[in-house]
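Just so you know, all these numbers are worked out from the coordinates, no wet-lab data involved. Note that the structure is predicted; figures quoted are calculated from it, not measured. Because the Cβ atoms are built from the backbone with ideal geometry, glycine has one as well, and the counts that use them run over all protein chains shown.
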Amino acid sequence: MSEPRQSIALRWFSTHHRAIGAQYLLLSLAAVAIGTLLSLVMRIHLIAPYQSLPIVGVLPPEAYLALVTMHGTLMIFFVLTVAPLSGFANLVLPEQIGASGMAFPRLNAAAFWITASALPVLLAAFAVRGGAPISGWTSYPPLSALASAGPGQALGMDLWLVSLAIFCIGSWLGAVSLLVTILYERCPGMRLMRMPLTVWSWLVASVLVVIAFSVLLAALLMLLCDRHAGTSFFVPAGEVVNGVALARAGDGSPLLWLHLFWFFGHPEVYIAVLPGMGLTSSLLANFTRRPVPGYPLMVLTTVMIGLLGLIVWGHHMFVSGMNPYAGTAFALTTMAIAVPSAAKVFNWLGMLLGGKGNRPRIQMTTPMLFALGFISLFITGGLTGPILAQPALDSYLHNTYFVVAHFHLIMAMAGTFSIFAGVYYWFPLISGRMMSERLGRWHFWLTFAGAYATFFPMHFAGLAGEPRHYAQLTGTTSSLAALLPLQQGITAAAMVLAGAQTLFLVNLVWSMRHGMAAPENPWQAATLEWASASWQATPAERRRAFRGPYGYGQNEPGMITKDTIGYGRLEVAQADFKMQYEAPHEPE
Amino acid sequence: MNRSLWLPPNGSLHGVMLDRLLVWNLAALSAMLVLAHLLLIWAVVRKARPANIAPGSTKTGRSSLLPSFASSELIPTFLCCLLFAAMAVTSERLWAALRFEGPQPEAMQVEVVGQQFQWYFRYPGADARFGLTRPRLVNAAAGNPLGLDQNDPAAHDDIVSSVLLLPAGREVDLRLRALDVIHGFFLPGMRLKQNAVPGLELHVHFTPVTTGTYPILCTQVCGSGHGRMQAVLRVVPTEQFAAWIAARERKLERPE
């Protein structure tokens, strides 16, 4: 194994987990760049539908829908699934549990290459006749089942289905690798209840991947059969498309797809955001120099969110034609999931507020800023959850911009903030260097302001009744046309938000070569990915963990640090924390 | 009050209740949003004041590092449980009133049919029965967009319209169908949304009370023309509605 403090060159076909983690992050960086550009084209088209744009020209409405579909698919699968779970877990999970590597290194590497190969297949849909599919990332049949139902629903739709089927297999294998590693490769003493909360969240998210992506894969194959093998799982009898009565055998139900898809689709949200919750808890402990209060409760809420996440999918289907009694059942499970989520927020607020007469000294590093941003966005996006969980209110707000605001704040933005927090925090492990704090702070504040300015006003468009997926506002409905100024403002904000990301790219590229050399354990963290070189060199069988992951505040709090900002040259009068491998009583 | 919340004017009986529910929910959750952010900002901007504990003391008192479990965790979570429970109960009572029971027997029957990218509305006529439709007979160019089978006597007096005209004050039972793909039938002014799904006949009932014109939108992406799949609901006084139906029936009896 190479020296962990040194930069690991990206050997392309490496089976080393850290190289694979970096590769996953690069994959999601490519996907997020494309997905963001697509969203900017959408935003401009929405407010100026007849404007000719460079390269793409004047877009017809179906091209707008193709952009919507590809934007959602790229972001949800290739960014929000790939980076927080596969990317970060490969980067640090084995070290965090004291393992020397993944349980199945080759399977793990294969999982990455399978996942990565799904991306060109998806993007190829732009190049084929008819273009990319237009049925949105949820691809409800019969629109997604019948090639005659719209442009993009022929070969483009097939490529979408094949791409996601490949992605399912890759994610599934990667999750199995993570699960086995967590359960069987922990070093002695690394009991389950001593694992960092990041590991707990990857454990729960991996279980969700194994369950949810299996069902999605089945649904994708069934839809492919409906398209090419003459089955009718999702297509009812008596279809009339474009005035032509279809001669198809069988009488299927589109609602079956909705159930299968959302059985995957809702856990997917937690796959994207659970790792961010674990990371936020860890970062708050690290940068307030305090242990996580009620660690068992945080484990419990992580598991509860995972379990409840499997039984709330019907809240996407209140107006779908599902039985109204089922609507009530799913409303109650959805309200229930708000409880462990709220408990997590209170835990974070408690950590920040500190005990009586003992206010923590918060180290405002860039990863900490993004963790705080995560909390803010999680609260703001989360609080509209209890509204959308109610079938009665959803029967007004469903598929309006209110929902777009909700999931972009809580999943897209909170998820992205957790990715940024992780990248700034773990960058030294990839490159051996620190990222620029100055650029990082600018990046944070512009992104934070841009995220709110872009997505918060969408609540108002939703309350006004504006549906999603509309290529333009001008039409027969004057109440929609009146929302144009609001949407113009959102487009301007989206440009600021996207533009701010160039700061991140510059920081990434610059710091890779010119960043300050990272000291050993630059954040003075207690978890094992920051362990000393001598520990890293210890053979796996002689490693031992003696304590929980958040051994901060071990000594006199008054003597923690002299300098809390220049963490790189952090002068610690006396270490205020204990690494997990430090024995309770040092031998004399 | 509604105007400040961006909501379009409500014209339905149940919309009053729904708006009231939405408003107090938004108010309660906005208050929580503000409160949580005030705490967050306060935690970040105030001066740190770590407790000064004598060096060498073994009793650093971990409890003093952190707020008490009860005050930071149990009590707020319990209060949230109460709020969410109150929301769930009030909301599910409304939902039950709206959807658990069918319409009154005297409710007016109207069929809504979605197809790319048009809404059609069918009234059963004097016999109060919808005639048979057959997919093979669908021919919009020949004036039969729904495929009415004229061999069925019940189909003779069926009125097919591209405008939804309803009398104010009478409950209406909509029967939703779709010919090709899933469409989302959305009446913002009536606070009503229900998908129209091919292969299913779905019912939803409501009572329009305020006369006026209300947009009908499609809220389930249905193809390239999804955004222009718009129609209009006109709620008119009962006499005007009766006159409109009578005129349409006369037209059916003596075409051209």
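Normalised by residue number, the volume inside the convex hull of the Cα atoms of segment B:108-253 is 103 Å³ per residue. With a Förster radius of 35 Å applied to the beta-carbon distance between residue A:513 and residue A:449, the computed FRET efficiency rounds to 0.75. Applying both filters, DSSP loop and at most 15 other Cβ atoms within 10 Å, to the trypsin sites (Lys or Arg not before Pro) of segment A:112-210 gives A:129, A:191.
Work out, step by step, the length gained on full extension between residue B:16 and residue B:93: first 0.36 nm times the residue separation, then minus their alpha carbon distance; give nm to one decimal. Numbers along the way, then the final one.
Numbers: separation 77, 0.36 × 77 = 27.72 nm, distance 1.45 nm.
Residue separation times 0.36 nm, minus the Cα-Cα distance, leaves 26.3 nm.
Which one of B:143, B:184, B:226 is farthest out on the positive end of the charge dipole of segment B:108-253, using unit charges on Cβ (Lys, Arg +1; Asp, Glu -1) and the Cα centre as origin? My answer, from the dipole projection, is B:226. Between residue A:51 and residue A:249, the contour length at 0.36 nm per residue exceeds the alpha carbon distance by 66.8 nm.
Of the peptides A:363-374, B:196-207, A:77-88, A:437-448, the ranking by mean beta-carbon count within 10 Å, highest at the top, reads A:77-88, A:363-374, B:196-207, A:437-448.
How compact is segment A:104-220 by the rule of thumb for globular proteins, expressed as Cα Rg over 2.2 N^0.38 Å? Before the final figure, lay out each step's value.
Numbers: Rg = 18.0 Å, N = 117, 2.2 N^0.38 = 13.4 Å.
This ratio for segment A:104-220 stands at 1.34.
Every helix of 4 or more DSSP H residues in chain B counts as -39500 (n - 2.57), and over all residues that averages to -9500 deg cm²/dmol at 222 nm. As an equivalent ellipsoid, chain B spans semi-axes of 56, 19, 16 angstrom, where each value is the square root of five times an eigenvalue of the C-alpha gyration tensor, largest first. Using the alpha-carbon positions of segment B:202-256, Rg (one decimal) and Dmax (whole number) come out as 15.4, 39 Å.
The mean number of Cβ atoms from other chains found within 10 Å of a Cβ in peptide A:477-488 is 2, as a whole number. Per-residue shielding of A:320-327, expressed as the average number of other chain Cβ atoms within 10 Å of the residue Cβ, stands at 5. Take each residue of peptide B:40-46, count the partner chain Cβ atoms within 10 Å of its Cβ, and average: the result is 5.
Once the Cβ-Cβ distance between residue B:24 and residue B:211 is put in as r, and R0 is 22 Å, what FRET efficiency do you end up with, to the nearest 0.05? E(calc), rounded to 0.05, equals 0.20. In the protein assembly as shown, with Lys and Arg counted as +1 and Asp and Glu as -1 at Cβ, which of these residues, A:112, A:218, B:16, has the Cα nearest the positive end of the dipole, that is, farthest along it? Checking the options against the dipole of the protein assembly as shown, the answer is A:112.
Taking the DSSP beta bridges with both ends in segment B:108-253, the antiparallel portion is around 70 percent.
Applying the Karplus relation 6.51 cos²θ - 1.76 cosθ + 1.60 with θ = phi - 60° to segment A:310-323 yields 3J(HN,Hα) values of 7, 10, 10, 4, x, 6, 8, 10, 4, 9, 7, x, 5, 3 Hz, where x marks Gly and Pro.
Peptide packing: for A:34-47, A:492-505, A:285-298, B:131-144, the average count of neighbouring Cβ atoms within 10 Å per residue gives the ranking A:285-298, A:34-47, A:492-505, B:131-144, highest mean first.
Which value, in debye to the nearest 20, gives the size of the charge dipole of the protein assembly as shown about its Cα centre, when Lys and Arg are +1 and Asp and Glu are -1 at the Cβ?
On the way: 53 positive and 41 negative charges, 466 e Å.
With only Lys, Arg, Asp and Glu charged at Cβ, the dipole is about 2240 debye.
When the Cα positions of B:212, B:168, B:245 are compared along the charge dipole of segment B:108-253, B:212 comes out farthest toward the positive end, with charges on each C-beta of Lys, Arg, Asp and Glu.
Sorting A:160-167, A:394-401, B:247-254, A:319-326 by average packing, meaning the other beta carbons within 10 Å per residue, from highest down gives A:394-401, A:160-167, A:319-326, B:247-254.
By the count of neighbouring beta-carbon atoms within 10 Å, fewest first, A:529, B:101 end up ordered B:101, A:529.
Suppose every K and R has +1 on its Cβ and every D and E has -1 on its Cβ; what is the size of the dipole of segment B:108-253 about the Cα centre, in Debye to the nearest 20?
Values: 14 positive and 13 negative charges, 85 e Å.
The calculated dipole for segment B:108-253 is roughly 400 debye.
Computed from Cα positions, the angle between helix A:155-184 and the longest principal axis of chain A comes to roughly 30 degrees. Relative to the longest principal axis of the Cα atoms of chain A, the long axis of helix A:324-353 lies at roughly 30 degrees. Any idea what angle helix B:15-45 forms with the longest principal axis of chain B, computed on alpha-carbon atoms, 0 to 90 degrees, nearest 10? Once rounded, the angle reads 30 degrees.
Could you size up the charge dipole of chain B around its Cα centre, putting +1 on the beta carbon of Lys and Arg and -1 on that of Asp and Glu, and report it in debye to the nearest 20? Before the final figure, lay out each step's value.
On the way: 24 positive and 19 negative charges, 306 e Å.
Computed charge dipole of chain B: roughly 1480 debye.
Quick one: Debye curve from the C-alpha atoms of the protein assembly as shown, no solvent, what's log10 I(q)/I(0) at q = 0.07, 0.10 Å⁻¹? Taking Cα atoms of the protein assembly as shown as identical point scatterers yields -0.56, -1.06.
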